[in-house]
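Values quoted throughout were computed directly from the atomic coordinates according to the rules given, and no laboratory measurement underlies them. What you are looking at is a predicted structure, and each value in this text was computed from that prediction instead of being measured. Here the Cβ positions follow ideal geometry from the backbone for every residue, glycine too, while neighbour counts run over all protein chains shown.
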Amino acid sequence: MSRRVVVTGAGVISPVGNSVEKFVDNIKKCTNGISEIEAIDNSEYKTKLAAEVKDFDPVEFGISGHKKKDRFVQFAIAAAKQASENSGYVINEDNQFRTGIVVGSGIGGLTTIQEAYAKYLDKGPRRVSSHFIPKAIINMAAGHISIELGTRGVCISDVSACATGTDSIGHAFRLIKDGYQDAVFAGGCEASVCELGLSGFEAMAAMSSSDDINRASIPFDKERNGFVMGEGAGVLLLESLDSALSRNANIICEVVGFGQTSDAYHITAPNPDGKGAFMSMLGAIEESGIDKKSVDYINAHGTSTQMNDEIETGAIKKVFGDHSYELAVSSTKSMTGHMLGAAGAVEALICGYALKEGFIPATANYKVPDEKCDLDYVVEGTRFQEIEYALSNSLGFGGHNSSLLLKKYK
């Protein structure tokens with residue numbers, strides 16, 4: 001069995017908006033979600049900036065017992081509830097076992113782990129809360145969404161670092177395409193802006209030390225010096241085309257290809273040969289059956305680190321040849337920061353609406369060209385034009401490479 005798969009719902013919690021409408025509008029306006037860190041006292045850290053979620057109240061999203069749920073789970077539930085509501089998809093006894101959840105996180109409840117360990121050190125093992133483990137473990141994002149929405153089909157959590165969100169959507173795509181489910185809520189979530197999170201990434205020298213919000217997350221810019229940590233969640237509702245048409249659903253876009261590879265090289269650094277990213281993009285294109293020249297836009301992983309941006313640029317050239325200079329490339333991490341396990345899902349959402357509404361998002365705050373990164377990175381602001389195919393890339397620690405190919409539905 002091979003079925004066509006479409007996206008019929010979307011939800012997002014992000015540094016530039018906590019609803020799809022506001023988020024997409026702010027992406028079009030090149031709104032910068034990066035600011036001085038507010039969640040913690042970072043006076044002892046080199047890192048001064050992050051892309052934090054602002055004005056998020058779990059009560060407003062009807063999340064019950066939110067104090068017993070880590071922030072990453074709250075984000076995931078809020079995004080999934082948005083996707084459920086704007087899709088118009090009704091879960092009932094007839095379809096609940098044919099409706100699944102694939103939502104993961106790259107890190108999970110890091111703040112909960114930090115707080116529980118501090119209590120353990122201060123007051124001993126008997127004072128550690130019975131809610132510690134259920135708050136911290138990654139699968140609780142998917143578990144709580146299933147409970148909130150009443151789905152009883154597949155319920156799993158992918159964990160592949162910064163490729164998590166993309167992998168989740170890709171695996172949901174395959175579940176529906178191959179007939180195992182009719183609809184799946186898929187995406188990623190993250191909430192790692194805490195003392196332990198900053199300490200760990202600083203120790204790796206991975207994050208930008210800039211204190212200028214407009215020059216911190218600058219993918220493909222020659223002066224880039226590290227990523228800016230972001231947080232939030234993105235969830236899409238994927239559905240078989242037959243199911244969507246049967247209920248006259250509002251279709252955002254179609255999912256037509258998914259590629260997934262491993263570098264088998266290093267726990268954090270990408271392989272300099274770029275072959276993993278190359279094969280991931282190629283796999284997504286080959287599954288779709290289209291000509292490579294049909295791809296109009298790539299939402300790059302584009303983390304603003306020296307190695308990633310250069311290697312990803314090289315991989316794009318290997319895949320597309322001369323066409324790599326004709327298609328548009330951008331990194332929306334320039335606005336959202338790097339949302340880690342949520343990044344791929346949020347970027348797929350951007351691609352879906354770019355296809356539906358006819359625009360190509362920018363790489364904001366780009367100023368200094370890099371001779372090793374010489375593609376069309378959409379640096380002048382949002383382009384308003386029709387596009388038919390968009391590719392979204394995610395590359396994660398551990399060597400995970402994932403690519404989704406989305407098509408304008410018409």
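Out of 391, 59, 301, whose Cα points farthest toward the positive end of the dipole of the chain (charges: +1 Lys, Arg; -1 Asp, Glu; placed on Cβ)? So the residue we want is 59.
Computed per residue of the chain from DSSP H runs no shorter than four, each worth -39500 (n - 2.57), the mean residue ellipticity at 222 nm is -9500 deg cm²/dmol. Simple point charges give the picture: +1 on the Cβ of Lys and Arg, -1 on the Cβ of Asp and Glu, and for the chain a dipole about the Cα centre of about 860 debye.
Looking at the chain alone, DSSP beta bridges between its own residues are antiparallel in about 70 percent of cases.
Taking 0.36 nm per residue of separation and subtracting the Cα-Cα distance, what length does fully extending residue 286 through residue 41 add?
Fully extending the segment from residue 286 to residue 41 adds 83.4 nm.
Taking the DSSP beta bridges with both ends in segment 257-407, the antiparallel portion is around 75 percent.
Calculated on the Cα set of segment 279-328, radius of gyration then Dmax: 11.0, 33 Å. Both radii were evaluated on the Cα set of segment 5-246; the Rg over Rh quotient, with Rh as the Kirkwood radius, amounts to 0.99.
Among 79, 277, 205, the residue with the largest mean-square fluctuation in a Gaussian network model of the chain, with springs joining Cα atoms closer than 10 Å, is 205. Straight Cα distances below 25 angstrom link residue 119 to the lysines 67, 68, 69, 135, with same-chain residues fewer than 8 positions distant left out. Taking a point 7 Å from the Cα of residue 147 along the Cα-to-Cβ direction, none of the residues of segment 106-126 has its backbone N closer than 13 Å to it. Between the alpha-carbon centers of segment 1-52 and segment 238-256, tell me the distance in whole angstrom. Centre-to-centre distance over Cα atoms comes out at 25 Å. Please enumerate, by chain and number, the lysines with C-alpha under 19 Å from the C-alpha of residue 292, excluding those fewer than 8 residues away in the same chain. Answer for residue 292, where 19 Å is the Cα cut-off: 275, 317, 318, 407, 408, listed by chain and number. A simple packing score, the average count of other Cβ atoms within 10 Å per residue, orders the peptides 181-193, 109-121 as 181-193, 109-121, with the highest score first. When all alpha carbon pairs of the chain are counted in 20 Å bins from zero, the resulting P(r) reads 30, 59, 10, 0 %.
Evaluated at q = 0.15, 0.24, 0.26, 0.30 Å⁻¹, a Debye calculation over the C-alpha positions of segment 361-410 (equal weights, vacuum) places log10 I(q)/I(0) at -0.64, -1.07, -1.08, -1.09. In segment 129-173, the ratio of gyration radius to Kirkwood radius, Rg to Rh, stands at 1.02 when only Cα atoms are counted.
Roughly how many debye, to the nearest 20, is the charge dipole of segment 177-317 about its Cα centre, given +1 on each Lys and Arg Cβ, -1 on each Asp and Glu Cβ, and no other charges?
260 debye
Here residue 410 is the anchor, and the lysines within straight C-alpha reach of less than 18 Å, apart from those fewer than 8 places off in the same chain, are 356.
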